[in-house]
Amino acid sequence: MKIMTCPFNGPRPVSEFFYWGEIRPMPDPATCSDESWADYIFNRNGAPGVKQEWWCHIASNTWFIAERNTEKDLVLRTYLFEEEL
Amino acid sequence: MKFPSPLSPIHDALLTGAAVWNSADSLPPSVSQFDASDPQKAALLGVADHSHLPRAGVKGPGATGWLAELGLSLPSRSNSWLPFPDGGLIGRLGNTEYLIEGNAARVAQIMQTPRAPGVYPVLRQDAVFALCGSRVNELLLQTCNVDFRCLVADPTQLLLTSMAGVSVLVLVAGNKIHPVYRLWCDGTYGLYLWETLTGIAEELGGGGIGLDALP
Amino acid sequence: MPWRLLRFATTKKHPEPRMFTEHAELKPSYDVVIIGGGGHGLAAAYYLGRDHGITNVAVLEKGYIGGGNTGRNTTIIRSNYLTPEGVKFYDESVNLWQDLSQEFDLNLFYANRGHFTLAHTDSALRTMRWRAEVNKHYGVDSEVVGPDFVKRAAPMINLSCGHAPILGALYHAPGSIARHDAVAWGYGRGADMRGAEIHQQTEVLGIDVRGGKVCGVQTSRGYIATDKVLCAVAGFTPRILDMVDIKTPITIHPLQAMVSEPLKPWLDPILVSGSLHIYVSQSARGELVMGASLDPYELHSTRSTLDFVEGLSAHMLDMFPFLSHVKVMRQWAGMADMTPDFAPIMGKTPIEGFYLDAGWGTWGFKATPVCGKTMAHTIATDTPHPLINGFSLDRFRNYSLTGEKGAASVGH
Ligand SMILES: Cc1cc2nc3c(=O)[nH]c(=O)nc-3n(C[C@H](O)[C@H](O)[C@H](O)COP(=O)(O)OP(=O)(O)OC[C@H]3O[C@@H](n4cnc5c(N)ncnc54)[C@H](O)[C@@H]3O)c2cc1C
């Protein structure tokens, strides 16, 4: 069983979580070009590497950030968004 | 003022010929006895329905202050709960969300007091079940990834996890020797979870029981 | 050892036929270099030779041929898709499959079984009616049927499926299965016979692009000059595209599968259930070949998980309770290259001479023949084949997606 650690509820099986993809800065939709908006909504950094991703612990609806190596499937750390501000 | 208290989400599944219903207290009806073998089932593995209890939820950055002003003593830690001195309980789910249950006066007070800024109502249409008996752990092994016995060590804890694929909130009531696990889930999953739990319980010699049989 | 047997072992008159020639050296240059020795890459090499007379071709495979998703898939072949582009394209593929065994002189175990997509909800049934209409419009055999029809085709099925009773199904009579690795071998041998070279254990490490044009590829066995490169590497696509700085929406998720121990034949059709997240067929060997939905998060790995076997087995038992004592024999995973609209990305790219056949996710085995054929055309003529116009990379710049999700994914 794979384990993910929710910053709030502790280590849990990964089946208790929801994955929402890599964190990416959003361009300003009012000022950016159609092309860079299309790039933002469609394109992804698909190659493996260490990525910052949104995850959610479903039972408690806790959204948090996981830093994960997407080739080795290693979670390096997890933290709440607020903690990084 | 009277506010509507809905029937248990699994009400229809409880309509068996042998069930003894309790319709007192202006609450929706609940099953006090399922059938004559309730005590035996409860000793091994009983599943009872608590969904009829009155219940309210609030959340938001202003929730803690607002509830305190209403004179409620609140659990200081997130994911923990406190019993009210006059019955029922209050649970703190995360930093700024609360569940109040089982105390009609408290629930009425929360529903009727005008809310302050930063306080939002949370609709609670839970199915609420109680699990008891000597074989309860065998059922948990089949349905859940967290060992609920950690709750017995720290009975003020609230656990948010999933059971048979359904998100649940869990606490332990009863006593150390006869723990009773209380679990809440979204009412729309109620029937599925009830059938899953009672199905396993029957295989282990237990089954659905009435509330009177709980330790 | 009996003498008569030994004689066969030592004589040169009866050498063991190899599927294809092994070449000791890479040539310094080729007209076309194909990255990826899966079904798609090998089929492209085959049709380049057969239809366009282009035979100075190298297929570079970092492992062994068919060792990628081609050899890991659950081999469902069908054409009852949702978009006109998709239906026409997959229908052409189903046509090509029909005489492939003949053409290769190799038994692909192509078995026409009929394919049911089960509906457990009203909304699923609605999508199926829509699909059936689109399918019929393009001449594809496809219809919505009721639970009784399903029961007759698969008498062992439990129509109530635990908590998700079957309300109906989309029935697609041409639905088939085939032996997956034989497809790679058949195309490989055919390409080899026409002069293409297959180099296994040869990994592409870099692509030489100058002035917006391809000039060559760097491999683990040295540099090759070429001005046409086809990238057909499925789960490795983002890594290759990173080398040439092309951005796409492709993300990689593992897709897992498993087989049971062999059983007497009892399941003729192929069954798919979106609500239960399962698809199942019985192979010629009697094994139940089973798959589920994608793993829920990005991962570049082919490790399989216990969660998968548990979840899939539980759902299988909802549908076929009598299987409770059947053992699971093997499980594995492939890396699926997913696109947001569940349609592939095929054709030319912003780099001259760099062609892409990717985004095949969980549904690209059935398309192997038509991909080979259309990509060969695209490479030979440097213009996209008309059948792949709906699949160009540009659609993600022009906001003109080819929404195939309702027909492509198990868990829609
Ligand atoms: C479990 C599973 C079930 C599936 N079920 C179905 C199904 O029922 N029906 C269906 O139609 N489709 C199905 N698919 C999808 C289908 O398998 C694929 O879309 C299809 O096989 C892709 O073929 P391909 O030749 O493009 O890729 P592959 O067969 O993956 O070949 C790509 C090759 O490229 C090689 N490669 C990668 N990088 C390099 C490099 N740098 N240098 C050299 N070589 C490289 C790899 O080693 C690999 O052999 C399934 C997939 C999986 C994983």
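The values are calculated or read from the model by the stated rules, or taken from the named source; none is laboratory data. Note that this is a predicted model, so its numbers are computed, not measured. Counting neighbours? That spans all protein chains shown, and the Cβs are built from the backbone with ideal geometry, glycine included. SASA here: full protein model, heavy atoms, side chains in, ligands and nucleic acids out. Shrake-Rupley method; radii C 1.70, N 1.55, O 1.52, S 1.80 Å.
Across peptide B:154-166, the average count of Cβ atoms from other chains found within 10 Å of a residue's Cβ is 3. In the context of the full set of protein chains, the protein assembly as shown has a per residue accessible area of 44 Å² (1.4 Å probe).
Within chain C, what whole-number % of the accessible surface is contributed by carbon and sulfur, with the 1.4 Å probe and all protein chains included in the calculation? It would help to have the intermediate numbers written out before the result.
Values: 9020 of 17150 Å².
It is 53 percent, rounded to a whole number.
Relative to the longest principal axis of the Cα atoms of chain C, the long axis of helix C:180-193 lies at roughly 20 degrees.
Provide a whole-number value for the mean count of partner chain Cβ atoms within 10 Å of the Cβ atoms in peptide A:8-14. Each step should come with its number before you reach the end.
Details: counts 5, 8, 3, 1, 5, 6, 5.
Counting Cβ atoms of other protein chains within 10 Å of each residue's Cβ and averaging gives 5.
Can you show me the helix-derived [θ] at 222 nm for chain C, built from DSSP H runs with n ≥ 4 at -39,500 (n - 2.57) apiece and divided by the number of residues, rounded to the nearest 500. All intermediate terms of the calculation are to be shown ahead of the outcome.
Details: 11 runs with 119 residues, N = 412.
Mean residue ellipticity, 222 nm, calculated: -8500 deg cm²/dmol.
Based on the alpha-carbon gyration tensor of the stretch B:55-122 and its eigenvalue square roots a ≥ b ≥ c, which shape applies: rounded if a/c is under 1.5, prolate if not and a/b is larger than b/c, or oblate? Because a/c hits 1.5 or more and a/b fails to exceed b/c, the stretch B:55-122 counts as oblate.
Tell me which aspartates and glutamates have Cα within less than 20 Å of residue C:13's Cα, excluding those fewer than 8 residues away on the same chain? Qualifying aspartates and glutamates at Cα under 20 Å: C:22. In the stretch A:37-85, burial by the other protein chains removes 40 Å² or more of 1.4 Å probe accessible surface, compared with the chain on its own, from A:42, A:43, A:44, A:46, A:47, A:48, A:59, A:70, A:71.
Beta carbons within 10 angstrom, averaged per residue: use that to sort the peptides C:367-378, C:87-98, highest first.
Working: C:367-378: 25.5, C:87-98: 20.3.
Descending mean neighbour count gives C:367-378, C:87-98.
Between chain B and chain A, the total buried accessible area stands at approximately 800 Å², from heavy atoms with a 1.4 Å probe. The contact residues of the stretch B:79-117, meaning those that lose at least 30 Å² of 1.4 Å-probe accessible area when all protein chains sit together rather than their chain alone, are B:79. Build a GNM of chain B with springs between Cα atoms under 10 Å apart, and of B:175, B:137, B:103 the one that fluctuates most is B:175.
Mind checking the alpha-carbon convex hull of chain C and giving the volume per residue in Å³? Could you put the intermediate results ahead of the total?
Values: hull volume 64.3 nm³, N = 412.
So the per-residue Cα hull volume is 156 Å³.
Given C:151/C:366; C:136/C:405; A:2/B:41; C:151/C:264; C:136/C:348; C:213/C:348, which pairs have Cα atoms separated by over 24 Å? From the list (C:151/C:366; C:136/C:405; A:2/B:41; C:151/C:264; C:136/C:348; C:213/C:348), the Cα-Cα distance tops 24 Å for C:151/C:366; A:2/B:41; C:136/C:348. With a 10 Å cut-off around each Cβ of C:247-258, the average count of Cβ atoms from other chains is 3. Taking a probe of 1.4 Å and counting only protein heavy atoms, give the total accessible area buried between chains C and A in Å², rounded to the nearest 100. The buried area between C and A, both sides summed, comes to about 2000 Å².
According to the Kirkwood relation over distinct C-alpha pairs, the hydrodynamic radius of the stretch C:25-145 is 17.2 Å. For residue C:27, neighbours were defined as the other residues whose beta-carbon sits under 14 Å from its Cβ, and their charges (Lys and Arg +1, Asp and Glu -1) total -2.
Please compute the net charge surrounding residue C:75, taking Lys and Arg as +1 and Asp and Glu as -1 over other residues with Cβ under 9 Å from its Cβ.
Details: positive: C:179, C:366; negative: none.
Taking every Cβ under 9 Å from that of residue C:75, the sum is +2.
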